[in-house]
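Read through the structure below, which is laid out as structure tokens, and then see the notes.
What follows draws every value from the coordinates through simple rules; no lab data is involved. Predicted model only: the values in this text are computed from it and were never measured. Please note: Cβ atoms are built from the backbone with ideal geometry, for glycine as well, and neighbour counts cover all protein chains shown.
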Amino acid sequence: MAAAETQPHQTHAPTLSKVAGLVLSEESMPTLADQLADRINEGADVLAAFARDLPDAQWRAVVKPDGRTVGVIVHHVGNMYPIEMYLVHKAVESQPITDVTWDLVAQINAAHAKEHAAVTKAAALDLLARNSRQASDEIRRLTDAELARAVPFSLSYGAPMTVQFIIEDHPLRHPWHHLARIRRSLGLPSNSGTAARA
């Protein structure tokens, strides 16, 4: 019986289509900025979905211990995105944020509540949608290096906080914070976890 012939080991160079597929796969991976932007949109969408179905009595209900109505608060969240993004851009530009205090925030909130006491649901939801999308579009353009940049931040006692932290603690967290308070004030279950996405 003849000895079995050994087959030479063959190596296969990756085809152009495979290389292109790998490159496209890497490019399609969401960046950190994309993830933050998507979470901005998620928070606004969850708050909007909740507020959209509220009857008028609940829309006008006063949220405790806040003192503002549900409608004013929903409009307030939409109104704050440009202010929050102004702080984000200052941090991106490595400018210390030293002149923003919680007293100033309270003054802004009080003036807003007085001016928009009779805000309609349509107006509040429109502002929330427009300004959250504008904020997420701006965040999506940030680089990892910009997100990692840190500046002294007066709302955090002057500690050096990163751009990512400022985004997560303000425009991203804001709608979830108020939604939790609204639900608690209306005697509804918590919006934590998967329940918040229902």
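Computed values, structure above
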{"read-out": "Footprinting exposure proxy for Leu104, Leu125, Leu54 (fewest neighbouring C-beta atoms within 10 Å first)", "value": "Leu104, Leu54, Leu125"}
{"read-out": "Debye log10 I(q)/I(0) for the range 31-197, one point scatterer per Cα, at q = 0.08, 0.20 Å⁻¹", "value": "-0.24, -1.32"}
{"read-out": "Cα Rg, Dmax (largest Cα-Cα span) when computed across the range 102-175, Å", "value": "15.1, 43"}
{"read-out": "J(HN,Hα) series, the range 43-52, from Karplus relation 6.51 cos²θ - 1.76 cosθ + 1.60, nearest Hz, glycine and proline x", "value": "x, 5, 5, 5, 5, 5, 4, 5, 5, 4"}
{"read-out": "Ranking of Lys121, Lys114 by count of other Cβ atoms within 10 Å, fewest first", "value": "Lys114, Lys121"}
{"read-out": "Span from the the range 110-170 Cα centroid across to the the range 46-90 one, whole angstrom", "value": "13"}
